[in-house]
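Taking it in order: structure first as structure tokens, then the write-up.
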Amino acid sequence: MKHIWMSEIDIECPQADVFDYVVDRRNYHRWFPGIIEMVPVDDSPAATPGKRYVERAMMPGNRIAVLNPLTVEIRAPEGFAMDVDLKPVLPRFEYRFEKLGDTHTRFSMHVSCRARAPLALVGQKVMGKVLGKRGPGALRRLKTILEAKPDTLMRGAEIREFGPPNVLAVSATVPRPRPQPGELLVRIDCASLNPIDVRRRAGYGAALLKFKGGTEWPITLGSDFAGTVVDVGPGVSGFQTDDRVFGCKPLSSEGTHAEYVAVDARHARLLPDHVPIEAGASLAYAWLTAWAALVRDCQLKAGEHVFVNGGSGGVGMAAILLAKSRGCTVSATCAGDAQALVRNFGADVVIDYQAQDLGDLETDADIVLDCVGNAEPAMDTLLKRGGAFATVVHPLLSNADTRGVPVGLLSSKWDLAGRRRRARKLGVRYFWSTFDSCDDALDALATRLESGVEPAIQAVFPLEEIALAHAALERGHARGKTLIKMT
């Protein structure tokens, strides 16, 4: 047997309780990242030698494997071992439970392999790297669950695999984060659901995640948040406990669709008492995306004419509010039943795309922001010469998903260069715009919120119904923001 990996942790819980929880493999997905589910295929008790389970696990590269582990040796409550056939790798997982008095246990995992072919040596190295990355966090998560102290757990929505809305599960045993240097711990009252969350849940961008070193499972989605500071990490100034805050956490596996989030203080701002918590949770991600397109890329100037294609969604709404705050004239498209809503955002001219084709419009705009993905053919009539066209709907990540990262990114670069050449012939600039966390943008949004802006809110769902929120947003035709309330 070749040693692959080992780790241990002390748990404030009686030996028998730790053993009972770990030996019942139905609990495995709750604490070990990458395990989707383990389902027993017979009726024998959990600690019965020879008991079989079917395991679905997320392997490196976001590939799901179906395994049939077999418990082969049990020495309750001191330990048990399990052999798994991963062909050509044959690992043995040994779980040991050392009694440290009546209320404490030292739990350890030992993994070794029996080589069955030369290829197994490669598999062993891959397994060692995966366990080295996921294992320590798994043991900490197990400790948090078993000790079950009120300040260590929280409710959160998690996904353990990519797929439809029903892959979302709300768990009450998600470890509560602790603020690191430079971070705030925020108790979230409200978060928003953005289209990027829906697409990430379905697997959008998975190839690039794999290329960068894999995905941290399970994933909690969400970027926008509004709530109250409950702890301040070392080195943070300008915030204190009980402050009302809002902000946007850059995309990660520990998002804001949970009761608490640890967030870099640079990505949070104070929320004035007179601003509703829903308003604070509504705009940050969309505003930062619109800012990247209009200010960073298109160099928005006061008094310009901005044309927003798709004004009733989150980014469209934010773009209108941003442009109007800069003293610009705004034209926007939307469906007929959303025209009043878009006018309330501040649009000067509202165009029903169902009644008028984009190709028939001559707006002479300085900037076109495309939030739908169908405005590019009309660049020559929508834009004046010297103007700028930006789209937030582009194939960068989808190319990587479908063609692989190297080919996908190269083909995207080639595609973008070709579109820019065509734009230059028309005398305009062309951009694929992406979200960018920017201090100036957050400062501007804080000022806009303080002035009394009221974002449009289409629907509010409790955390327990987040799968329904995903399904609703996935159907499209946004009329403002979809929010997730924690209480």
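Read-outs throughout are calculated quantities, based only on the coordinates presented, and are distinct from any laboratory measurement. For clarity, every value in this text was computed on a predicted model and none was experimentally measured. With ideal geometry, Cβ positions are generated from the backbone for all residues, glycine too; neighbour counts draw on all protein chains shown.
Worth pointing out:
- Neighbour-count ranking [beta-carbon atoms within 10 angstrom, fewest first] of Lys425, Lys99, Lys51: Lys425, Lys99, Lys51
- Database remark: amide H of Glu183 closer than 5 angstrom to the amide H of Gly233, Ala265 (H placed geometrically; neighbours at sequence offset of 5 or more, or on other chains; Pro and chain starts carry no H).
- If R0 is taken as 45 Å, the Cβ-Cβ distance between Val460 and Leu100 corresponds to a FRET efficiency of 0.40.
- Here the range 286-432 is treated with +1 on each Lys and Arg Cβ and -1 on each Asp and Glu Cβ, and its dipole about the Cα centre works out to around 760 debye.
- Taking Leu445, Leu270, Leu410 and counting other C-beta atoms within 10 Å, the order from fewest to most: Leu410, Leu270, Leu445
- Förster-model FRET efficiency, 51 Å R0, Gln356 and Asp151, C-beta, rounded to 0.05: 0.35
- Neighbour counts of other Cβ atoms within 10 Å put Ile484, Ile35, Ile277 in the fewest-to-most order Ile277, Ile35, Ile484.
- Measuring nothing but how far apart in sequence close Cα pairs (under 8 Å, 6+ apart) lie, relative to its length, the range 99-208 scores a relative contact order of 18 percent.
- The spacing between the range 427-464 and the range 22-59, judged by their C-alpha centroids, is 43 Å.
- Each residue of the range 10-24 was assigned a 3J(HN,Hα) from its phi angle through the Karplus curve 6.51 cos²θ - 1.76 cosθ + 1.60 (θ = phi - 60°); the sequence is 8, 10, 7, 6, x, 3, 4, 5, 5, 4, 4, 6, 6, 5, 7 Hz, with glycine and proline shown as x.
- Remark: the chain carries a charge dipole of roughly 1960 debye about the Cα centre, counting +1 on each Lys and Arg Cβ and -1 on each Asp and Glu Cβ.
- Spatially proximal lysines relative to Lys384 (Cα-Cα < 19 Å; intrachain offsets below 8 disregarded): Lys301, Lys425
- Of interest is the spacing of the C-alpha centroids, which for the range 270-318 and the range 368-412 amounts to 20 Å.
- Mean separation of Cα pairs under 8 Å and 6 or more residues apart, divided by the residue count, gives the range 328-464 a relative contact order of 17 percent.
- Listed residues Ala169, Ile4, Gly480: farthest to the positive end of the dipole of the chain (Cβ charges): Ile4
- Normalising the average separation of contacting C-alpha pairs (under 8 angstrom, six or more residues apart) by the number of residues puts the relative contact order of the chain at 13 percent.
- Förster radius 30 Å - calculated FRET efficiency between Leu410 and Gln299, Cβ distance, rounded to 0.05: 0.60
- Dipole of the range 2-147, positive end: most advanced residue of Val89, Gly101, Ile145 [Cβ charges, Cα centre]: Val89
- Charge dipole (Cα centre; +1 on Lys/Arg Cβ, -1 on Asp/Glu Cβ; no other charges) of the range 1-100 amounts to roughly 460 debye.
- For Lys87, the lysines whose Cα falls under 16 Å of its own Cα, not counting residues fewer than eight places away in the same chain, are Lys2, Lys125.
- Of all lysines in the structure, the ones whose alpha carbon falls short of 26 Å from that of Lys485, not counting any fewer than 8 places away in one chain, are Lys149, Lys249.
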